[in-house]
Amino acid sequence: MNLKKLPNSIFYFLTFLSAVGLVVLTVGLVVTLAVESRPAFQRFGFFRFLLSTDWNYTDQIYGALRPLTGTVLATLGAAVLAVPVALGISVFLTELCPHKLKSPIAVAIELLAAIPSIIYGLWGLFVLAPFVETYIQPFFSGTLGGLPWAGGFFQVRLAGGLNLLTASMVLAVMILPFVASLAREGFDQVPEVLKESAYGLGATRWETILAVVWPTAQKAVVGGIIMATGRALGETMAVAYVIGNRHGALDSIFSPYVTITSVIANEFNEAGPIQMSALFALTLALFLANLLVLSLARYLMRQK
Amino acid sequence: MKPHSGRLWVNYLALGLATACALFGLGLLFLILYDIVSHGLTSLSISLLTQDPAGPLGRGGLKGAFLGQGLLTLMAALVGVPLGVLGGTYLAEYGRDKKFSKVIISLCDLAMSLPSIVIGIFVYSILVKPLGGFNGWAGSAALAVIMVPLVMRTTESMLSMVPWTLREAALALGSPYYQVIIKIVYRQAASGILTGILLAIARVAGETAPLMFTSFNNNYFELNLNRPMPSVTVSIYQYAGSPFDAWIGQAWAAALMVTVVVLFLNILGRLLVKVKKA
C-alpha cells in the first residue's frame, strides 16, 4: 500500500467501523436482554412465565400475562380511537384541503408528533384523567354499565381517572399525528391521473375515494397505520402516569392495570434480582412485539 | 331534485365527516399545546433556571437539571453525530449496493423504531450494573444509541440523493475518493444532514425513559459524569408524581421549556431545508 492511498484507507476504515458499530449495538442489545432474562425463564419456566398472572413481591413469583395483555389492549384501544380520526385527517389533507393550507397543516401535525412523551404524560395526568373521571366514567357506567351481561366492563370500581381507557386515550392522542401522516403518505402515492379518470366518468369525490383511492393505497395506508400504532407499544412516560399500575384483575375498561412499560418504569430501580430478571424478560417481549409489528408494516408497505 | 342527488348527499356527508375529523384532530392537538402553555406560564419564573431544588414549600428551581440535560444531550451528540454520519457515509458511498449495507439499513430502521425504554434497560445492564451505580456517562450513552441510527439513516439518504455524475467529475480530476466525499458530496448534502442531526438532537433532548435507569436524577448541581446526573425530564416525572402544588407547578413550567426547545430545534431543522431549496 503506498502512502498516497493511506488517507483514503483510513477514512474508509472509519466509516466501515461506524457502520459495523450499529450491528454490534443491535446484536449486543438482543444478547444482553436474552442473558439478563434467563434467570426468570429458568426459575419460572418459559411458558409458565408468559402465561402466569402472578406478580407477587413477597413470594418473589412473577408472570408476564398481565403486563403483556395490558400493553396489547392499551395499544389496540389507542388504535380504535385514533385510526378513524387519523383517516379523516389524511383524506381531508389529500383530497379536500385547499392547496395553500396543505403544507402548513401537515407541518403542524408533524411538529406535534415531535413533542416528547413526558409532556403528553403530564397532560394525561392533570388534564385528561380528571376529564375521564368527571365526564366519561359516569357516562359509560350510567348507560352501558346497566347492560345485563357486558355491563360490568363499563362500571367504575375504583375512583380516580387512572385506568386502561385513560391510557388508551393518551396513547391515541400521541399516535394520532404519526398515523395521520403515514396514512397521508400512503394516499399521496395514488397517481392523480387515476383519480381524474374516475372524475371523468362522473364519480363524486367520495366515490372516487372509495372506488379508486382506497383500493390503490390500501396496503400502504394499512402498513403505515400498523407502523404508527406500533409506537404505542413502547410508549412509557405517558402510560406510566395514567394506567394506574395495579397488578389486579382486568374486569372493566375503567380498571387500573399495568403495561410492560409501566411496570418497568415503576419497579425497575427498586427491583430485587429475580424481579429485575423478570423485567428484562418483559423488555425482551416488548422488543420482539415491536419487531413483529415493524416487519408486518414493512411487508405491507412494500407490496404494490 | 335530480335523480343522482342521493349520491351527492352521500358525498357531502362523507367529506363533511372527514373535515370534521380533521378539525377535531387538529383542535385536540392544539388544545394540548394550549394546556401546556397556559399551565406552564402560570408557574414559570426565572428562579426555575437560577435556583437549586428546594423543599415543597420553598421557591426552588431546576438549575442543575437544565444544565445536566444539556450536558447529557451534548455528550450524546458528540459521540452519536460522528458515528452516525460516518456510518451513513459507508452505507451510501463505499458500501453502496452491497448486501451488507442493505442489512445495516434494515437494522437502522429497526433501531429507529425501538422503544427508548428498551435502550435504557440495555444501557443499564452494560454501563450501570458493571460500574456499580447510576452515572452520567450511561445517560449520554443511552441518548447516543438513540441518535446513531437516526443520523445514519438521514445521512445515507441525503448522500444517495447527490447525483453520481458529480462524483465522477471530481474523480476524473484525480481527487482521491475520500476527498471527493468530504469536499464535494458532503457539501452538496450538508443542509439535509444538518437537518437530520438537529431532528435527532431534538428527539433525544426530551427523552425520559432512557435516562431513568442510566443517569437517574440528582438534586444537586452536578458536572461530574461519574455520578448520577440531574435532568429536566426525569425531574418532571418525579415532581408531577408528588402531592405538592409547588413541585407540580415547576413540572409544568419545565415541561413548557422542554416543549419550546424541542419545537424550536424541529422548526430550525425544517427551515434549513427550505432555505436550501429556495
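Charge dipole (Cα centre; +1 on Lys/Arg Cβ, -1 on Asp/Glu Cβ; no other charges) of region A:65-302 amounts to roughly 180 debye. The packing ranking of peptides A:79-87, B:222-230, B:237-245, highest mean first, is A:79-87, B:222-230, B:237-245, where packing means the average number of other beta carbon atoms within 10 angstrom of each residue.
What separates the Cα centres of region B:19-64 and region B:149-165 is a distance of 37 Å. Peptide A:233-241 is shielded by partner chain Cβ atoms: per residue, an average of 5 of them sit within 10 Å of its Cβ.
Between A:I61, B:I248, A:L286, the Cα set farthest toward the positive side of the dipole of the protein assembly as shown (charges on each charged residue's Cβ, about the Cα centre) is that of A:L286.
Sorting A:246-256, B:207-217 by average packing, meaning the other beta carbons within 10 Å per residue, from highest down gives B:207-217, A:246-256. About its Cα centre, region B:1-105 has a charge dipole of approximately 440 debye under the convention of +1 per Lys or Arg Cβ and -1 per Asp or Glu Cβ, with nothing else charged.
Only Cα pairs under 8 Å and 6+ residues apart enter the sum, and on that basis the relative contact order of chain B stands at 27 percent.
Among the residues of A:37-49, the average count of other protein chain beta-carbon atoms within 10 Å of the residue beta-carbon is 0. Averaged over peptide B:229-241, the number of partner chain Cβ atoms lying within 10 Å of each residue's Cβ comes to 3. Does region A:236-304 come out rounded, prolate or oblate by the C-alpha gyration tensor, with a ≥ b ≥ c the root eigenvalues, rounded set by a/c under 1.5 and, if not, prolate when a/b is larger than b/c and oblate if not? Cα axes put region A:236-304 in the oblate bin. The charge dipole of the protein assembly as shown, taken about its Cα centre with unit charges on the Cβ atoms of Lys, Arg (+1), Asp and Glu (-1) only, comes to about 1560 debye. Placing a pseudo-label 7 Å from each Cα along the Cα-to-Cβ vector at A:W149 and A:W214 gives an inter-label distance of 3.0 nm. Dividing the alpha-carbon radius of gyration of chain B by the rule-of-thumb value 2.2 N^0.38 Å gives 1.27. Normalising the average separation of contacting C-alpha pairs (under 8 angstrom, six or more residues apart) by the number of residues puts the relative contact order of chain A at 27 percent. Normalised by 2.2 N^0.38 Å, where N is the number of residues, the C-alpha radius of gyration of chain A stands at 1.22. Rounded, prolate or oblate for region B:83-165? Axes are the square roots of the Cα gyration tensor eigenvalues, ordered a ≥ b ≥ c, and the cut-off for rounded is a/c under 1.5. Judged from the Cα gyration tensor, region B:83-165 comes out prolate (a/c at least 1.5, a/b above b/c). Sequentially through region B:98-109, phi angles give Karplus couplings (6.51, -1.76, 1.60; θ = phi - 60°) of 7, 4, 4, 5, 5, 4, 5, 4, 5, 4, 4, 4 Hz, Gly and Pro residues having no value and appearing as x. Cross-link partners for B:K63 among the aspartates and glutamates, with Cα-Cα distance under 15 Å and sequence neighbours closer than 8 places in the same chain left out: B:D52, B:E222.
Past 32 Å, Cα to Cα, is the threshold; run B:K98/B:K129; B:K102/B:K274; A:K5/B:K274 against it and keep the listed order. Among B:K98/B:K129; B:K102/B:K274; A:K5/B:K274, the Cα-Cα distance tops 32 Å for B:K98/B:K129; A:K5/B:K274.
Every read-out reported here was derived from the displayed coordinates using simple, explicitly stated rules and does not represent laboratory data. Predicted model, so just to flag it, every value in this text is computed and none were measured. Backbone-built Cβ (ideal geometry, glycine too); neighbour counts: all protein chains shown.
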